[in-house]
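Okay, structure first, notes after.
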Amino acid sequence: MGLRPAAAQQLGGRTVFPFLDLPTGAQQAALGGMSVSARNDDPTMLFANPALLNEEMDGRLALSYVAYVADIKQSTAAYVFNTQKYGRFGVGVTYLNYGDFESYDLAGNSLGTIGVNEYTVGVSDSYTKGKFTFGATTKLAVSSIAGSRSLAGVADAGVVYKHPTADFTAGLAVKNAGYQFSPYPGTERGPLPLDVQIGATVKPEHMPVRISLTAHHLQQWDIQYLDPNARGQLDGSGVEKKPTKSFGDNLARHFTVAAALVLGKGFNLRVGYNHLQRRELRLDNTSGSAGLSFGAMLKISTFQIDYTHATLQAAGSSEYFTISRNLDSLFKKKE
C-alpha cells in the first residue's frame, strides 16, 4: 500500500506492507497479537519468532484462517521439518484478501471490479546450541492492487532461551527488516514496519497458569499519537484543554500481556491484552473491548484446534481458526 506522510509519532501510515504486523495464527492472536517466547508445537508461531522453531514442531502442518471485518480474509499455511544435517526448517505462506472493489473511470463509468490482496512466502531456519535456539526467516512480500504490484524482501531474526528445568522461556526478535524492491507506480519507496520485541513466558510451579509478557517497538520510544484535530475538554473557565502525552500511557503501549489457563495437555484457555491496540482503535466515546483477545486450544485425537476471538474496536472483531496435525505420524501409520 502507499505511504502517507507521518503525523506526530503515530505508527499507522508510516510504513509500507503494514499487514506484516498482523498475527497469522489463533495462538499468536490470543497472546495479545504477538509473542516471542511462547514455545510449543504450533508451527504458525514461526511468524512470531523464527527461534521458536523446535523439535515439537517437526513434521507438523498448520492451516489458519482469519475472518476480519467486511470481506477481509487471511489464510496461512506453515510446515516444519528437520533435515538433521542442515537444521530445522519451516515454510510459511500467508495470503490476505481485501475483497473486490468497484472501479470507475474519471467520468464515473463503471469499469467492473478489481481485486486487492497481499501475501508473503518465506523460509525459516533454526539452530539449537545448549539452552539457546537461534532462528532466521527470509521472505518475499507482495502487495497487489488491480494488477499493479509492489515487492519487498523481508527478514526476521531471533533467539530463544529455554530454562533446562523450569517452565520458563525468554525471547528476542527483530521483525520485518528489509527493503521495498519496487513501489507502486507514482509512489515513493518506503520503510517496512520494523519491530524489535523481547519477552518471557513462565508457568509457576504447581500453578495451572502460563503467563507471557512482551515488549515491542523497542527501537522507538515515543509511540503515542494525539490527534491534532481532536477537541479537548473545557475547564471551569470555558477554556479548551488539549490532551497531552503521558509517560505512563506511552510506556504501557509498548507491552502486551497474556495468560493461558492450562487444563491438561489437550485443553487450555487464553486471554491477551494489547494496550497499543486499545488506545489506537478506540472510538471517540468508548473503547469497548478493543485490545482484548480470548481463545482456546483443544486436542482431538491427532488434531489440534485453536480458536481466538480478538476485538479490534467497539465496531468490529476478528475470528481466528487454526488446525494442525503431525504428518510424519500419518505416513508412518500408512506404512
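The values are calculated or read from the model by the stated rules, or taken from the named source; none is laboratory data. If you're wondering where the values come from, they're calculated on a predicted model, not measured in any experiment. Heads up, the Cβs are rebuilt from the backbone with ideal geometry, glycines too, and the neighbour counts pull from every protein chain shown.
With respect to the stated conditions, Ala67 fails to be aliphatic (A, V, I, L, M), farther than 15 Å from Thr169 by Cα, out of contact with any strand residue (DSSP E or B) (no Cβ under 7 Å at 6 or more places or on another chain) and at pLDDT below 95. For the stretch 165-179, taking the residues that are touching a residue at least 60 places away in the same chain (Cβ under 8 Å) and touching a Pro at 6+ places or on another chain (Cβ under 9 Å), the one that is surrounded by the fewest Cβ atoms within 10 Å (Cβ to Cβ) is identified as Asn176. I'd like to check something: does the stretch 112-120 contain any residue that is surrounded by 15 or more Cβ atoms within 10 Å (Cβ to Cβ) and hydroxyl-bearing (Ser, Thr, Tyr)? Yes: the stretch 112-120 contains one or more residues that are surrounded by 15 or more Cβ atoms within 10 Å (Cβ to Cβ) and hydroxyl-bearing (Ser, Thr, Tyr). Annotation note: of Ile223, Ile211, the sole residue that is of a type in the set (Val, Ile, Thr) and over 20 Å from Arg270 (Cβ atoms) is Ile223. Contact annotation: residue pairs with Cβ atoms under 6 Å, 6 or more positions apart or on different chains, pairing a residue in the stretch 49-76 that is within 17 Å of Thr322 (Cα to Cα) with a partner that is crowded, with 24+ Cβ neighbours inside 10 Å and aromatic (Phe, Trp, Tyr), are Val66/Tyr320. At pLDDT below 85, under 30 Å from Val202 (Cβ atoms), out of contact with any helix residue (DSSP H, G or I) (no Cβ under 6 Å at 6 or more places or on another chain) and surrounded by 11 or more Cβ atoms within 10 Å (Cβ to Cβ), is that true of Glu319? No; evaluated as a whole, the condition is false for this residue.
Consider Lys129 carefully, then state whether it is of a type in the set (Lys, Arg) and under 30 Å from Ser318 (Cβ atoms). Spell out the reasoning first.
Details: of a type in the set (Lys, Arg): yes; under 30 Å from Ser318 (Cβ atoms): no.
Spelling it out, it is not the case that Lys129 is of a type in the set (Lys, Arg) and under 30 Å from Ser318 (Cβ atoms).
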